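What follows is a short report on a single structure.
A short reminder: the numbers here are calculations on the coordinates, not readings from a lab. Here the structure is a predicted model, which means the values were calculated and not measured. A quick note on method: Cβ atoms are made from the backbone with ideal geometry, for glycine too, and the neighbour counts reach across all protein chains shown.
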Amino acid sequence: MSIIRKFNSSRKQFSYNKIWLYGIISLIIISIIVLWVAKKKENLEFYWNHPVNSTSNRPASGYVTMQKFDGRLGNQMFEFIALFHVAQKTNREVVLFNGHDGHELEKYFSLGVRKINRSCPCFLFREKFISYDNRIDKMIRSKDARNSPTILLRGYFQSLMYVKPVENLVVNHMKFQESIETFARDILRESIPIGWREGQFTRVGIHNRRGDLVKKTAPESYFKTAMKYFTDRYKLVQFVVASDDIEWCREHITYDSHSSSVNVTYSVKHSPGQDMAILSLCDHVIMSTGTFGWMAAWLANGITVYYSNYPRNGSNLSRRCNRLDYFPPHWIPLQ
């Protein structure tokens with residue numbers, strides 16, 4: 001009998017210990033759940049109060065930024081837009097790292113993105129092609145990219161295919177700083193010919209890049225043809241010329257000085273951002289070569305005429321660049 005009593009006592013003690021152990025485990029699990037919910041709520045509140053830079057309403061799953069901004073203003077605008085392309089596909093937040101080298105955009109634009117200290121480990125995607133690099137789609141799905149806090153991009157990303165899916169979003173992040181826009185509006189208002197009234201004439205911006213592309217840029221005949229395209233369609237036209245070689249433009253981009261229906265004015269000694277703002281405020285744009293004119297035309301969002309022999313047929317650049325990938329289909333090629 002004593003053996004049976006001891007056995008029953010042991011069973012009861014084991015049951016008590018088991019209940020006590022289950023209770024402790026339950027408390028631990030409940031505590032973990034409470035902490036997880038609190039942290040999740042904190043994260044959700046942060047992202048709801050700081051919307052992510054993508055078309056998704058979900059909290060961002062990490063960051064995307066440039067390893068380094070390359071080139072000049074037009075190049076950097078393409079690169080900035082590419083960030084939103086990747087952010088949209090990966091539900092990440094577009095940010096800028098503090099201390100980005102060679103970064104011109106903040107001089108002229110109110111970008112509306114956060115600046116943070118470097119958040120790594122980072123996954124680097126380096127562009128290989130001038131046209132759309134479809135490796136970017138494989139990168140987005142890769143485990144290494146998905147598991148990295150930050151995706152870094154490096155390259156120029158000069159393709160319409162990066163721009164088109166996010167242009168309605170990005171245009172809100174490419175707002176000129178108030179001082180830049182005010183300056184540009186003042187310049188254009190002061191340049192109105194005597195007797196003309198705002199709103200009663202058509203203003204066409206012309207960008208002529210020469211400098212490092214002097215052997216590849218559009219000839220005088222192209223500008224004459226492009227200007228005629230607009231003078232044939234509008235009664236009063238003012239052309240506003242911006243260039244890195246304004247003296248060449250004064251000599252070659254001209255119109256009959258006795259014409260009362262056409263005016264040509266020149267943007268002289270202005271910064272790249274000021275010239276970009278001036279061109280963007282025009283109704284339409286004539287571009288020659290390079291990304292600066294492309295971006296000015298894109299911001300103006302009117303009729304765009306571009307030089308059809310760029311890249312020059314047969315050149316190494318033309319073999320590497322797909323024009324259909326670069327120029328929007330509604331832009332007008334002239335030669």
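Here are some notes:
- Between the alpha-carbon centres of segment 179-199 and segment 108-149 there is a gap of 40 Å.
- Legend: calculated FRET efficiency, Ser259 to Glu220, from the Cβ-Cβ distance at R0 = 22 Å, rounded to 0.05, equals 0.75.
- Most tightly packed first, judged by the mean number of other beta-carbon atoms within 10 Å of their residues, the peptides 140-153, 63-76, 245-258 read 63-76, 140-153, 245-258.
- Two-site FRET efficiency, Ser61 against Thr182, from Cβ-Cβ distance with R₀ of 41 Å, rounded to 0.05: 0.60
- Inter-label distance, Asp232 to Arg323: 1.8 nm, where each label sits 7 Å from its Cα along the C-beta direction.
- In this structure, Arg312 and Lys115 have a Cβ-Cβ separation that, at R0 = 41 Å, corresponds to a calculated FRET efficiency of about 0.55.
- If you wrap the tightest convex hull around every Cα atom of segment 206-287 and split its volume per residue, you get 91 Å³.
- Cα-only Debye scattering, segment 264-305: base-10 log of I(q)/I(0) at q = 0.22, 0.28, 0.34 Å⁻¹: -0.67, -1.03, -1.27
- Compared with the direct C-alpha span, the chain from Asn91 to Ile24 gains 20.2 nm at full extension, assuming 0.36 nm per residue.
- When the convex hull of its Cα atoms is projected in every direction, mean area for segment 85-132 (nm²): 4.8 nm²
- Two-decimal ratio, segment 168-319, of alpha-carbon radius of gyration to 2.2 N^0.38 Å: 1.03
- Rg and Dmax over the alpha-carbon atoms of segment 94-212 stand at 19.7, 65 Å.
- Normalising the average separation of contacting C-alpha pairs (under 8 angstrom, six or more residues apart) by the number of residues puts the relative contact order of segment 83-201 at 29 percent.
- With a simple spin-label model that places each label point 7 Å from the Cα along the Cα-to-Cβ direction, the separation between His252 and Gln335 comes to 1.8 nm.
- Per-selection Rg to Rh, segment 232-335 - Cα, Kirkwood hydrodynamic radius: 0.98
- Radius of gyration over Kirkwood radius for segment 161-258, both on Cα atoms: the Rg/Rh ratio is 1.01.
- At q = 0.19 Å⁻¹ the log10 of I(q)/I(0) for segment 204-243 amounts to -0.59, computed by Debye summation with a single uniform scatterer per C-alpha, solvent ignored.
- Here, segment 147-208 has an Rg and a Dmax of 18.5, 64 Å when only alpha carbons are counted.
- For a label point 7 Å along the Cα-to-beta-carbon line of Arg154, residues of segment 89-118 with backbone N under 14 Å: 101
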